[in-house]
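Heads up, the thing below is written out as structure tokens.
The values are calculated or read from the model by the stated rules, or taken from the named source; none is laboratory data. Just so it is clear, the structure is predicted and the values come from calculations on it, not from any experiment. As a convention, Cβ positions derive from the backbone with ideal geometry for all residues, glycine included, and neighbour counts pool all protein chains shown. SASA here: full protein model, heavy atoms, side chains in, ligands and nucleic acids out. Shrake-Rupley method; radii C 1.70, N 1.55, O 1.52, S 1.80 Å.
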Amino acid sequence: MSQENALELRGVTHRFDGFTLDNVSFDVPKGSIMGFVGQNGAGKTTTIRSILNILHNDSGTIKIYGFDSVNDEMKIKEDIAVVFDELPFPDMLTPSSLEKVLKGLYKKWDGTRYYELLDRFSLPRKKKIHDFSRGMKMKLQICAALSHGAKLLIMDEATSGLDPVVRSEMLDIFLEFIGDEEHTVLMSSHITSDIEKIADSVTFIDGGKILLSGYTSDILADHAVLKCSEEDISKIADEDIVSVRLCDFGADVMLRNRTVSEENYDGYVINRTTLDEILLFYVKRNSGKEWR
Amino acid sequence: MRYAVAFIRKDIYYLRKQLIIAACSVVGFTIFGVLFCGSYKYGNLAKLLENDCNDTYMTATSLFGVLPGVLCLLSLGVIFWGTVSNDRRNGWYMFTSTLPVSKRLIAVTKLGEIAAVFVISGVIGVVGILSCYTVSGRDIAVNDIFIMADVLLFLLIFLLLPTFYFFKGRETASFFTFFLMYITADIATAVIMLSMKSDLDLQKAMTFLQDNAAVISFILIAVNIAVFAVSAAVSAKILGKDVR
């Protein structure tokens, strides 16, 4: 394993009844944020559970900071923090009583940091968690996750359902977190705008298979949407096309190499695209009469 | 050990209110039982009932003496069982899967926690019973109490926690628990009724049990420990699958 990678998945496969996580491989470099993107049911949470060794994989290996996720599970879990889409703490507790519980669960628990983060997020210390809004609950999870010296932060749809202000506050915290070169974030989400804002790299998953993985800037730079008539689609080389969306006024063609395409298809309108569009074109290809 | 203490602390924080209410109820009933039994010698309701029944084991004094213990066992024990469903519902088990702890430790801690609650409440109950007997000036059937406590521990704790895990702490688990207790009580009643009609000498059996209470208690404790281990292993396995 490269010492530059915080997380390394190789050929991870897990078969369920009706779903297979199929040969999943990707790397998350140290000191970076990776967006893990896919529609609901694509396999994001299953992959995260595999990383955490909650699921026992049929094949493949996962290394976290060089340690095997199965054989060295107890050693590496102290260095992992996970933020789920729902708060996993008893709702009768207060942030203050939660701190007393959590400090017994982590060797490197930092109570001062925890209370600093509570104050920063303006979270009350003595209010019961069940009286918190969803945004407050997610902030509380972040406070707990960032207070025990974890090096790898895994977020499972943690920003879903939050308003833009809260999401923005959370994203700022993640950027601060990776300021230290050792810290890394794997952020699963289907809100691609958040990923686009902060993620250094991105991995797309669909139907349990990895569609695309790479640096966000490269993926955005490489892909482009070409607008043409339905008849002109045949003029574009198949190897340049990700997929085609037919519409009333012609066709949108997602190209996989913008620089080359701009040279080859001079005269057509070629626009920059977004992660949202890229995901859509990869997921929807050959999925109906409007898609090719 | 650090993790076990943290898990127990979490449950205590979670159940703080219920525990205070349960403790107050138990203390209240115990005081009432002791006062009631204390008034026995002056001729209270217990005296009247005893005269009517003329049966040592069915006196109101015994009833009020045993009541605090039974209440302790039922109220506190059931409250702690409730944490199984709470832990599942609020995602706590998912959270624990991110910690460097095994499912077995989680199950053993939960078992130990519930066992400790039962033992502590059992001790309070026994103290209540002894107090009731003492103030009413009656003979103390200590052997019966210890055997009963052993059997209760065996039935209520170690067999039923895996049940709660299996049913994921849902209402079905409570229903199954009460159903099991009901069946057990029925079997006991049936045995007593059969023995009364057959040649089996129940009194002789009771005498044997009382005479050998110490040995029987040790055997039951050994069985309890063995069942504890099996129960922890089964619970851990069910819990592991549940979290997945």
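Things worth noting here:
- Among (1) at negative phi; (2) surrounded by 15 or more Cβ atoms within 10 Å (Cβ to Cβ) - the single one A:Asp238 does not satisfy: (2)
- Only one of A:Ser96, A:Ser69, A:Ser122 that is of a type in the set (Gly, Ala, Ser), more than 14 Å from A:Ala145 (Cβ to Cβ) and crowded, with 18+ Cβ neighbours inside 10 Å: A:Ser69
- Members of region A:133-150 that are in a loop (DSSP other than H, G, I, E, B) and buried (at least 19 other Cβ atoms within 10 Å of the Cβ): A:Leu146, A:Ser147, A:His148, A:Ala150
- The set of residues in region B:4-22 that are assigned to a helix (DSSP H, G or I) and either open to solvent by less than 30 Å² (accessible area, probe 1.4 Å) or among the polar types (S, T, N, Q) (or both) comprises B:Ala4, B:Ala6, B:Phe7, B:Lys10, B:Asp11, B:Tyr14, B:Gln18, B:Ala22.
- A:Lys127 open to solvent by 10 Å² or more (accessible area, probe 1.4 Å), within 13 Å of chain B (Cβ to nearest Cβ), free of Cβ contacts under 8 Å to residues at least 40 places away in the same chain and over 25 Å from A:Glu181 (Cβ atoms): no
- Residue check, A:Val166 open to solvent by less than 20 Å² (accessible area, probe 1.4 Å), assigned to a helix (DSSP H, G or I) and farther than 19 Å from A:Phe36 by Cα: yes
- You will find that of A:Ser188, A:Ser193, the residue that is within 12 Å of A:Gly35 (Cα to Cα), of a type in the set (Ser, Thr, Tyr) and open to solvent by less than 10 Å² (accessible area, probe 1.4 Å) is A:Ser188 and no other.
- Test: residue in region A:53-64 that is among the acidic types (Asp, Glu), surrounded by fewer than 21 Cβ atoms within 10 Å (Cβ to Cβ) and either within 14 Å of another protein chain (Cβ to nearest Cβ) or in contact with a helix residue (DSSP H, G or I) (Cβ under 6 Å, 6 or more places away or on another chain) (or both): yes
- Wholly within region A:183-292, helices (runs of 4 or more DSSP H) carrying at least 1 residues that are polar (S, T, N, Q): A:192-198, A:216-222, A:258-264
- Considering residues of region A:78-93 that are open to solvent by less than 10 Å² (accessible area, probe 1.4 Å) and under 21 Å from the mean Cα position of the chain (by Cα) only, the residue nearest to the other protein chains (Cβ to nearest Cβ): A:Pro88
- Here A:Ile210 meets each of (1) at pLDDT below 90; (2) closer than 25 Å to A:Gly11 by Cα; (3) of a type in the set (Val, Ile, Thr) with one exception, condition (1).
- Condition met for A:Glu176 (at pLDDT 85 or above, over 22 Å from A:Ala42 (Cβ atoms) and among the charged types (D, E, K, R)): yes
- One residue stands out in region B:86-119 among those that are part of a helix (DSSP H, G or I) and touching a Pro at 6+ places or on another chain (Cβ under 7 Å): the one that is farthest from B:Lys237 (Cα to Cα), namely B:Asn86.
A quick yes/no check of all residues on (1) assigned by TED's automatic domain parsing to the domain that holds A:His190; (2) closer than 21 Å to A:Ile195 by Cβ; (3) open to solvent by less than 10 Å² (accessible area, probe 1.4 Å); (4) charged (D, E, K, R):
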position: A:Asp248; (1), (2), (3), (4): no, no, no, yes
position: A:Ala251; (1), (2), (3), (4): no, no, yes, no
position: A:Met254; (1), (2), (3), (4): no, yes, yes, no
position: A:Thr259; (1), (2), (3), (4): no, no, no, no
position: A:Val269; (1), (2), (3), (4): no, no, no, no
position: A:Thr274; (1), (2), (3), (4): no, yes, no, no
position: A:Ile278; (1), (2), (3), (4): no, yes, yes, no
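- Among the residues listed as A:Gly18, A:Gly43, the single one being open to solvent by less than 10 Å² (accessible area, probe 1.4 Å) and on the phi > 0 side of the Ramachandran plot: A:Gly43
- Residues of region A:106-136 that are at pLDDT below 90 and closer than 22 Å to B:Ser85 by Cβ: A:His130 alone.
- Exactly one residue out of A:Ser201, A:Ser188 is modelled with pLDDT of 85 or more and touching a Gly at 6+ places or on another chain (Cβ under 7 Å), and it is A:Ser201.
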